[in-house]
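Data first, discussion second: the structure below is written as structure tokens.
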Amino acid sequence: MILSGLLVSAVGVAAQATPPSPPTAQGLHSLFVAAGKLYWGTAIETNNFNDSAYLAIANNRNEFGMYVPENSQKWEEIQPALTDFEFTNPDAVLARARANGQMFRCHTLTWHSQLPAFVANGTWTRDTLAAVIVAHITNVMTHYRGLCYAWDVVNEALNDNGTFRNSVFFRTLGTDFIPLSFAAASRADPSARLYYNDFNLETSPRKAAAAVRIVQLVQAANIPIHGLGFQAHFRVGQTPNRTSLIATQNLFTTLGLEVAFSELDIAHLSLPPNSTSIQRQSDDYVTVVSACLAVPKCVGITLWQFTDKYSWIPSTFPGLGDACLYTSNFTKKPAYSAVSSFLQSVVATAAPAQGTGRFANGTGSKTVTPMVVAAPATATGVMTLPADIAGELAPFVTSPPVRTSAGAVVIVGKGKGVLVGVVVMVGALLL
Ligand code: XIL
């Protein structure tokens, strides 16, 4: 949500003078935050909720600082018929994230796959399909307004050769469905980061160039687009190297976007994996983590499930598997240990971490792109923050944020009682 992005920049400035002690918790989220990132997350779904061994890990905020519903926000599930919206399952995922003090990432709005029949098989004109897209986005995003850190607004619009996918959206509206979707998303929830999300951008230069043109298309229309999600469904031994992962991220950060690895898993090509493959999987996971750390605007990594027990890989790609960081029995794999050790070494050798939680900032210099906000704030005065956010902010600020009549949010930071900065951010803070 907008709150986290804006406040990270404030804390970064305020806490520079006297960093608190590094965190002691060693979960991957805690470590990733200590290394300067916003979150380490996982896909999760309500059908996982009756598995207590699974939940014992998923509910641990030191391990996961963010949830994304794996399927329940997709069009066929959330709007199976024109007048039927089903929010029960994604609401349950959100409720668990909130109970755990985790962020919520939302997935996905305009996508050719997992569409309800009424959309996939409908007879459409430009106007009628545009109206249905806008109605879908408006209804779904309004339901989650202010609650999603980010939305994958458009997913997988491209073929691997860089041409547009022959979806019902492209056939009917050409590329207009893309700015149309982002515009509707921006109107429905101005506080959410709006992402384009796709795969194989790291391995297909033509696809990456086409994704750059998608971003430019939206930007040229003066419509907000904030992020690029790299799905990162990789294969052991075929994971792009660190240099190409960094270069691909930078294609988009130079356009002013933040980036994220949004669906990470790294599948073995044959099962059971031999010791060479197991080592290689560890190396590949560390490569991705290292590539995110190397790019300041890489905000986080989301695992597409953390245990092989619930991974989508074996059923979708028969013969492949064991792609996650935990076995089906919830044992941590060598790849988990490799990522954990790598992050611990990064945290130990980098500048001291500045606290724990989503506002921690390993360098004290994180800059966050200002959000585009549609309307000025109406409320003024001292802002009441959710308890978990207020708790995390407390070491860094002298008093709660104050919203001025001009719509600015003023935060006064402190370092061991010494006032070190006043940060004024223009824009409404929507809670
Ligand atoms: C997958 C889910 O993991 C499966 O459970 C489902 O059957 C198919 O979709 N790209 C995406 C994700 O953006 O939504 C997909 O998730 C994986 C590929």
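A few notes on this one:
Each row is one residue, and each column tells you yes or no for (1) small (Gly, Ala, Ser); (2) modelled with pLDDT of 95 or more; (3) assigned to a strand (DSSP E or B).
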| site | (1), (2), (3) |
| --- | --- |
| His107 | no, yes, yes |
| Thr123 | no, yes, no |
| Thr128 | no, yes, no |
| Ala135 | yes, yes, no |
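- Complete set of residues in segment 257-295 that are open to solvent by 30 Å² or more (accessible area, probe 1.4 Å) and under 18 Å from the mean Cα position of the chain (by Cα): Leu293, Ala294
- Within segment 42-61, tally of residues that are open to solvent by 10 Å² or more (accessible area, probe 1.4 Å), within 15 Å of Lys332 (Cα to Cα) and either in contact with a Lys or Arg (Cβ under 6 Å, 6 or more places away or on another chain) or within 16 Å of the ligand (Cβ to nearest atom) (or both): 0
- Among (1) out of contact with any strand residue (DSSP E or B) (no Cβ under 7 Å at 6 or more places or on another chain); (2) farther than 28 Å from Lys207 by Cα; (3) of a type outside the set (S, T, N, Q), the one test that Ala130 misses: (2)
- Of residues in segment 307-319 being within 13 Å of the ligand (Cβ to nearest atom) and in a loop (DSSP other than H, G, I, E, B), the one surrounded by the most Cβ atoms within 10 Å (Cβ to Cβ): Ser311
- Taken over segment 152-207, the criterion of being hydroxyl-bearing (Ser, Thr, Tyr) and out of contact with any Ser or Thr (no Cβ under 6 Å at 6 or more places or on another chain) is satisfied by Thr163, Ser167, Thr172, Thr175, Ser186, Ser191, Tyr195, Tyr196, Thr203, Ser204.
- Checking each residue in segment 101-118 for being more than 11 Å from the ligand (Cβ to nearest atom) and open to solvent by 30 Å² or more (accessible area, probe 1.4 Å) picks out Ala117, Phe118.
- Yes/no for Thr138 being open to solvent by 10 Å² or more (accessible area, probe 1.4 Å) and either under 20 Å from Gln73 (Cβ atoms) or charged (D, E, K, R) (or both): yes
- Among (1) modelled with pLDDT of 95 or more; (2) hydrophobic (A, V, I, L, M, F, W, C); (3) open to solvent by 10 Å² or more (accessible area, probe 1.4 Å), the one test that Ala25 misses: (1)
- Summed over segment 74-100, residues that are open to solvent by 10 Å² or more (accessible area, probe 1.4 Å), β-branched (Val, Ile, Thr) and over 17 Å from Val134 (Cα atoms) total 1.
- Test for Asn71: is it in a loop (DSSP other than H, G, I, E, B) and either more than 16 Å from the ligand (Cβ to nearest atom) or open to solvent by less than 10 Å² (accessible area, probe 1.4 Å) (or both): no
- Residue among Leu147, Leu158, Leu194, Leu201 that alone is open to solvent by 10 Å² or more (accessible area, probe 1.4 Å) and among the hydrophobic types (A, V, I, L, M, F, W, C): Leu147
- Residue ID - least open to solvent (accessible area, probe 1.4 Å), chosen from residues in segment 320-341 that are out of contact with any Phe, Trp or Tyr (no Cβ under 8 Å at 6 or more places or on another chain) and β-branched (Val, Ile, Thr): Thr327
- In segment 204-225, the residues that are open to solvent by 10 Å² or more (accessible area, probe 1.4 Å) and within 18 Å of Thr108 (Cα to Cα): Pro224, Ile225
The values are calculated or read from the model by the stated rules, or taken from the named source; none is laboratory data. Note that the coordinates shown come from a computational prediction; the quantities given were computed from them, not determined experimentally. Note: ideal-geometry Cβ built from the backbone for every residue, glycine included; neighbour counts use all protein chains shown. Areas reflect the complete protein model, heavy atoms only, side chains present, ligands, DNA and RNA absent. Shrake-Rupley method; radii C 1.70, N 1.55, O 1.52, S 1.80 Å.
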